[in-house]
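Enquirer: Attaching a single structure in structure tokens format; questions to follow.
The values are calculated or read from the model by the stated rules, or taken from the named source; none is laboratory data. Source: prediction; values computed, not measured. When we count neighbours, we look across all protein chains shown, and the Cβ atoms used for this are built from the backbone with ideal geometry, even at glycine.
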Amino acid sequence: MLEQDVPALADRASSAEAAPARQELHCRRIDMRGYRRSDGLFEVEGRLVDRKPNDFTPASGGKSVVAGEPIHNMGVRLVFDDAMLVRAVETFTDAAPYAVCPDGGQALQALVGLRMVRGWSVEVRNRLSGARSCTHIMELLTPLATTAIQSLSFLRQDRPEPLDQTGRPLKIDSCFAYRAGGDLVRQRWPAFHDVAAGGDSPNLDAPAARR
């Protein structure tokens, strides 16, 4: 290939990759926050807000919503302790398409006494799925648990790393970054580094080593 052909090919590739024009059809915002309370407990709050750029009326009737105004504006607060045990639940609905929607939060009282640990999502579905609760509030419960974990990270800083029965850190293989064959595990827990599991991808931007 001639050198002068390279820029022409690059220009064509750049043109082909140009993003098409887009028209916004819907906007959903989800906000999650964690708090420390004055009574020694903790709280996480999740809020979901849906808006459309056009006037909207639900197909089943209900109230018409002017463009830009919230169709849904609802959420849930979970009060919990440092053992991740849910002590209290409160739901709120500031905007919804149907008058009956706020009642869908009542079933979340079934979460009181449940711990936000491994198995949380499965237990939430078992207790609340289907017509028993509000779909949109249900969507908040899984990320609220991880928000609660992040909120209490300051408590774990001086605690030993949780281990399984074999002494292996529980964090290993909990996510992509902490996969057994990755560099993080090799650096922090070399005894548990698993080369066969595959390591990090090579840095493709680095210059190739000379042979």
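Enquirer: For residues in segment 80-100 being of a type in the set (A, V, I, L, M) and outside any loop (DSSP other than H, G, I, E, B), which is nearest to Gly46 (Cα to Cα)? Outline the logic, then answer.
Expert: Restricting attention to segment 80-100, the residues satisfying the condition of being of a type in the set (A, V, I, L, M) are 83-86, 88-89, 95-96, 99-100.
From what's left, outside any loop (DSSP other than H, G, I, E, B): 85-86, 88-89, 95.
Values: Leu85: 17, Val86: 15, Ala88: 14, Val89: 12, Ala95: 15 Å.
Here the answer is Val89.
Enquirer: Can you name the condition, by its number, that Leu111 falls short on among (1) under 18 Å from the mean Cα position of the chain (by Cα); (2) at pLDDT 90 or above?
Expert: Checking Leu111 against (1) under 18 Å from the mean Cα position of the chain (by Cα); (2) at pLDDT 90 or above, the one that fails is (1).
Enquirer: A further question follows. Considering only residues that are in contact (Cβ under 8 Å) with a residue 24 or more places away in the chain, over 18 Å from Leu152 (Cα atoms) and outside any strand (DSSP E or B), which ones fall in segment 31-59?
Expert: Lys52, Pro53, Pro58
Enquirer: Residues that are part of a loop (DSSP other than H, G, I, E, B), outside the structural domain of Val49 (by TED's automatic domain parsing), modelled with pLDDT of 90 or more and at negative phi: does segment 167-175 have at least one? It would help to see each step written out before you state the result.
Expert: Looking only at segment 167-175, we keep the residues that are part of a loop (DSSP other than H, G, I, E, B), and these are 167-168, 170-175.
Okay, now just the ones that are also outside the structural domain of Val49 (by TED's automatic domain parsing), so 167-168, 170-175.
Cutting the leftovers down to modelled with pLDDT of 90 or more gives us 168.
Cutting the leftovers down to at negative phi gives us 168.
Yes: one or more hits.
Enquirer: Quick check: is even one residue across segment 109-131 in contact with a helix residue (DSSP H, G or I) (Cβ under 9 Å, 6 or more places away or on another chain), farther than 27 Å from Arg36 by Cα and touching a residue at least 24 places away in the same chain (Cβ under 8 Å)?
Expert: Looking through segment 109-131, none of the residues is in contact with a helix residue (DSSP H, G or I) (Cβ under 9 Å, 6 or more places away or on another chain), farther than 27 Å from Arg36 by Cα and touching a residue at least 24 places away in the same chain (Cβ under 8 Å).
Enquirer: Looking only at segment 60-79, which residues are free of Cβ contacts under 8 Å to residues at least 60 places away in the same chain and not in a loop (DSSP other than H, G, I, E, B)? Quick ask: steps written out before the conclusion?
Expert: Residues of segment 60-79 that are free of Cβ contacts under 8 Å to residues at least 60 places away in the same chain, as a first pass: 60-71, 73, 77, 79.
Result: Val65, Pro70, Ile71, Asn73, Arg77, Val79.
Enquirer: Which residue, of Asp82, Asp183, is loosely packed, with under 13 Cβ neighbours inside 10 Å and either in the same structural domain as Leu48 (by TED's automatic domain parsing) or modelled with pLDDT of 95 or more (or both)? Don't jump to the end; show me each part of the working.
Expert: Working: Asp183 fails: either in the same structural domain as Leu48 (by TED's automatic domain parsing) or modelled with pLDDT of 95 or more (or both).
From the options Asp82, Asp183, the qualifying one is Asp82.
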